[in-house]
Structure formats: C-alpha cells, structure tokens
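First up is the structure itself, then whatever we jot down about it.
Computed from the coordinates by the stated procedures, all read-outs in this text should not be read as laboratory data. Values in this document were obtained by computation on a predicted structure and should not be read as measured data. Note that we place each Cβ from the backbone using ideal geometry, even for glycine, and neighbour counts take in every protein chain shown.
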Amino acid sequence: RNDPALQITDGTRSHTGEKPYYCSECEKSFKQLNSFQRHQRSHTGEKPYHCSDCGKSFKDQRNLQHHQRIHTKETRLCSECGKSFTSSHTLKRHSTLHQHQRIHTGEKPFHCSDCGKSFTQQGNLKTHQRSHTGEKPFHCSDCGKSFKDQRNLQRHHIGKKNTHHCPVCGKSFNKHSNLKTHQRIHTGEKPFHCSDCGKSFTTKGDLQRHKRIHTGEKPYHCSECGMHFTNQNHLQRHQRIHTGEKPYLCTDCGKSFNDPTSLQRHRYIHTGETLFQCTECGKNFYKHYNLQRHQLIHTGEKPFHCLDCRKSFTTQTDLQRHKRIHTGEKPYYCSVCGKSFTEQSYLKTHQCIHTGEKPYYCSKCGMNFHQKSILQRHQRIHPGEKPYYCSVCGKSFTEQSYLKTHQRIHTGEKPYHCSDCKKSFTKKGDLQRHKRIHTGEKPYHCTECGMNFTNRYNLHLSILNNPSSSTCAIVVGLFE
C-alpha cells in the first residue's frame, strides 16, 4: 500500500473517475484499495483494530484513534467558546454553528490588515489575503494551473468532467440533476408549488424563499440600519448602499453595478444581443419562458382550464388566482387590521390606507391617488373622455362598470336580490340601502339634531333644511 507508484495511480483516478475495485457482494465500486477493503468489512463484520485499554474493536483505524481519546482525555478546544471535543470532526461541526449564527447577527470578527475588509470566518479571511499576496497554493496535477482556494480547484476539476450537455443552448454540467434543473429555463416547467397562493417555481430553494412572503420571516439582518430581508442576496445587495460597493464592472465602458442582473441588462447596449425574439411582433425577451408566455397573446391559446367553471387562462398563475373565487381563499393578510386578500397587489394597495401613501399623481390638477386604476379613471375628467358607449341609446360613460349598470335599464336585469323579501335591484348599492328597512340600521347621523338616517340623501336634506330640529322631523316624514 505504501508503494509510491500505487499511490500516484490511485490519485490520478480522482481526475479520470475510474473505479477498478469492485465488491462482489453489493456491486459497489471504489477508486482506492483501502476504501474497498474498509467497505468489505461491512459485509464480513470483521473488526481488526482493538483498543488495548478496554478491548473494544473497530473496523476502521480512525474510529479506534477517536475512541482512544476517551482514555487519554485528549481533547480539541473550540477557539470561540472554549468547549472541548474528542474528535476534530465534532469540533468542525460545532464551529459551523458559530459561523452560521453570524449570518443573523451580521458579526464579522476577522479583519484584513491590508484593506480593512471583514469576514465571518477565519478561512474566508485567509483566502482573501491571498488576493493581496498573490499566493495560489492549490495546483492542478493535470495541467499545472494554480488557484488561491481549494473550491476553485475543485470547480476546475469538475469543469473537465462536464459530461451532461443542454441540447438547447449547449451549456455543460457535471451532474444530470443540475442539467435537469437548468432545462426548466427552456421548458418553462415549475414543479414546486406554493400551498398558500399556488405560485410555482423551478427550484425548491426558490419556493422556500418565496414562502417567507406568507410567513413574514426575514432572517437576514443589516447591522448598519437594522433592516431585515427574506434572503441573503437581498441583504448583500442592500449592504452595498452603505458601502457604496459596485463590484460588477462592464468591460466595454467601465460602468459599475451593484448586482449582476443590472450589469447583464446593461451589456445588451453594447452587444445589441437579444436572447429570445418574438417572430410575430419583434419584441425581445431575456428568458425563453417569458417569450413562450408572450406568444400566447398572438395565438390566443389558453391552455389552463378551471374545472369548476370551465374558464380558461394563458398562464397557470392566472388560473391559480382565479381558483380563489371558488375556494374563497385569501392568503395575503394585513398585519395592521387583519383584513385578507386574494392577491398580493390588492394587499399592497390596501396598506396605503394605513400608511396614507398616495404614489399616483395627476399632472393636470396635482391630486394624488393610492391606486393606478383610480388615477386613470380620474384623468378622464380633464379631457371629458367617455370611451364606453351604450349601443341602445348612445349614452357614454367614463368606466365600463358604469355602462354595464346603465344597460340594465334597457334589459330590465336586476341581479341583486333581497333574501328577506325577494325584491330585486339593478345596483348592489340599492340592495344594501334597501336591506336597512329590514335591519333598522341608520348609519348616517345629523350633528345638529342628533337624528339618524338610513341613507346619505336624507341626511343631506336634513342639513340643508335645518333651521330647527323640528324641520328634521318633517324631512324624515317626507322621504323615509
């Protein structure tokens, strides 16, 4: 086993992938002889390594060495908290806990003396310092290329073994599972579904990150300003606001960006390259899936069908949103008042009521609105635009819903029914006002005389004609 030639042969198999040692019991293969011999003991039950202190036997020499530390009291200390461990493996696993906790605390105790940059792990600091010294201690035995950290060397080796190729774009992968995940970009397949809102994702990790929208969990914390984030990438991008760092550089014009997506979009200015183009209208898309979804506009195809009402949709997301009409599900909750909504956009609009935010501005009169649709409706007041026409009488309206209500005058349709007396109404508001006859509710209050009214119109008349409280009583008698 100590033959140098044999050691070289075993070492080169890490590059070739050759596994010449074959187990006849379970058909498993091994690159190295000692790994093969150790494996065979799992079938034979042989334990050739004995403890001289207590007589306990082990099938592996390393296990015996770890065990003997119980007798010698030999321990390994954690430099962070002083806790002791009998094996380096257990110590390493324990150290990982300290490293993980720094993700949440934002602590970076290891500082570079050359540039002042800080790191959560000592190993990361050592790797970083090599960028100052130029040291590259990890060498590829095949081609002689050197690397400053072991991971880059491992990636280099993997690059030579990329045997799984994408037939669409030619990209290569070292594992079939990685190729399979990549191909979902081309097929548009999203097999991981959110049980709360029905949204789908290409990877399990994307789904787990999305679920934090529903749970409100934000485990990543900015130590500078106290803000919390749902994923680590968002935290890292945010931290560049404080540091001013823009690490993504355009090699054509020298412009810098704080995230890779912005750089990628910018590069298309120089290359003029567009990945996926619609042959119908010429519109360009960065992703093939977005092109496929866009093309449904031209074909009119609606491949996603609702089993409850047979209505069809162009995307699965639209279908999932529609299904909430039947199930009554409202997965998005307002943390202030507890009100729930079928869509996240509705929740965001609602939250403007609590914050007082009105982000949509009318350039004509300066009025602000908390919904874009309300601004668009308002803007029709200025030019007097009424784009919705009644085909029966020619009357025009600013909104389609107003036209629909108006058309019931011609059709005689009264879709809103009173469950108490079976009377029908053309408008929902008329039904609500009528129901107050049965409930006795009078929500409109006169501040002059203290009387209450079933509708706003009667209250208005009361205020206009109220020289004394006796007039209120007369008005109520006339109009209720």
Determine the sum of side-chain charges near THR243: Lys and Arg each +1, Asp and Glu each -1, restricted to other residues whose C-beta is under 13 angstrom from that of THR243. +3
Go through the stretch 203-218 residue by residue and turn each phi into a ³J(HN,Hα) via Karplus (6.51, -1.76, 1.60, θ = phi - 60°); whole Hz please, and just put x for glycine and proline. 10, 5, x, 5, 5, 4, 5, 4, 4, 5, 4, 6, 7, x, 5, 9
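What does the charge count around GLU135 come to, taking other residues whose C-beta lies under 15 Å from its C-beta (Lys +1, Arg +1, Asp -1, Glu -1)?
On the way: positive: LYS126, ARG130, LYS136, LYS145, LYS148; negative: ASP114, ASP149.
Taking every Cβ under 15 Å from that of GLU135, the sum is +3.
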What's the local net charge at ASN368, with K and R +1, D and E -1, over the other residues with C-beta under 15 Å away? +3
Let's test the formula: R0 of 45 Å, r as the Cβ-Cβ distance of LYS145 and ARG267. What FRET efficiency results, to the nearest 0.05? 0.95
Could you pull out every residue, at least 5 positions away or on a different chain, whose amide H is within less than 5 Å of the one on TYR220? Hs are placed 1.01 Å off N in the peptide plane, and Pro or chain starts have none. PHE229
Can you list the residues, at least 5 places off or on another chain, whose amide H is less than 5 Å from the amide H of PHE192, using H built in the peptide plane? PHE201
Starting from the Cα-Cα distance between SER373 and SER335, subtract it from 0.36 nm times their residue separation and give me the gain in nm to one decimal. 11.3 nm
Give a residue-ordered list of calculated ³J(HN,Hα) values for the stretch 330-342 (Karplus: 6.51 cos²θ - 1.76 cosθ + 1.60, θ = phi - 60°; whole Hz; x for Gly, Pro). 9, x, 9, 10, 7, 6, 7, 10, x, 5, 10, 9, 7
Taking the stretch 189-279 and dividing mean pair separation by its residue count, relative contact order in percent (alpha carbons under 8 Å, at least six apart): 12
Would you mind working out the magnitude of the charge dipole of the stretch 365-419 relative to its Cα centre, with +1 at each Lys and Arg C-beta and -1 at each Asp and Glu C-beta, to the nearest 20 Debye? 20
Across the stretch 354-444, what fraction of all alpha-carbon pairs, as a whole percent, falls in each successive 5 Å bin from zero upward? 3, 11, 16, 13, 13, 15, 15, 11, 4, 0
Short version: ³J(HN,Hα) in whole Hz for each residue of the stretch 139-144, in order, from phi by Karplus 6.51 cos²θ - 1.76 cosθ + 1.60 (θ = phi - 60°), x for Gly and Pro, what are they? 10, 7, 6, 7, 10, x
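Which value, in Å to one decimal place, does the Kirkwood hydrodynamic radius take for the stretch 208-263 when every pair of different Cα atoms is included? Could the numbers behind the result be given before it?
Numbers: mean 1/r = 0.0793 Å⁻¹.
Mean inverse Cα-Cα distance, inverted, gives 12.6 Å.
Packing-wise, with mean Cβ within 10 Å as the measure, how do 321-332, 166-177 rank, highest first?
On the way: 321-332: 14.3, 166-177: 12.4.
Sorting 321-332, 166-177 by mean packing, highest first, produces 321-332, 166-177.
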